[in-house]
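*Asks:* I'd like to ask some things about the structure below.
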Amino acid sequence: MPGLLLRLLIGAVGLWLAEAVLPGIDVANVGTLIAAAFLLGIVNAVVRPVLVVLTLPITVITLGIFLLVINAAMLGLVALVLPGFHIAGFWSALFGALIVSVTGWFASWFIGPRGRYEVMVVRR
């Protein structure tokens, strides 16, 4: 359970950074931010794998760059469903998804697979 909450917090921080940096992303309040992070996690777990499989040929042709478009579509889907979370257009969604992805990737350096903070000690 703590791992789920930690990943939810990381997603919320990524969305907050995207809102702070990009003028095309607007979040009404902190509650909407947490709800958007939760809904984005659910959408990424359920809808995104189906889209990745369906768009596999174009993803292979573009050498994986089309996955950025899929991530932007997932962020746009969350904005479409959740009131108080607005995205101005495709480019805002694309750069917002990139910021959220990089934030999650950076945080995964410090968080183990079970959602716990891990420290690695190297002894020589």
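*Asks:* Give me the percent relative contact order of the range 25-124, please, defined on Cα pairs under 8 angstrom at least 6 residues apart.
*Replies:* Taking the mean separation of contacting Cα pairs over the length of the range 25-124, I get 31 percent.
*Asks:* Which value at 222 nm does the chain reach when only helices count, each DSSP H run of 4 or more adding -39,500 (n - 2.57), with the total divided by all residues and rounded to the nearest 500 deg cm²/dmol?
*Replies:* So the calculated ellipticity at 222 nm is -23500 deg cm²/dmol.
*Asks:* Moving on. Report, largest value first, the span of the C-alpha coordinates of the range 2-108 along each principal axis, in whole Å.
*Replies:* Projected onto its principal axes, the Cα set of the range 2-108 covers 39, 33, 24 Å.
*Asks:* What does the charge count around residue 79 come to, taking other residues whose C-beta lies under 13 Å from its C-beta (Lys +1, Arg +1, Asp -1, Glu -1)?
*Replies:* Every neighbour counted, the sum reads -2.
Where a number appears in this text, it was derived from the coordinates with a stated rule and is not lab data. Predicted model only: the values in this text are computed from it and were never measured. Cβ: placed from backbone, ideal geometry, glycine included. Neighbour counts: every protein chain shown.
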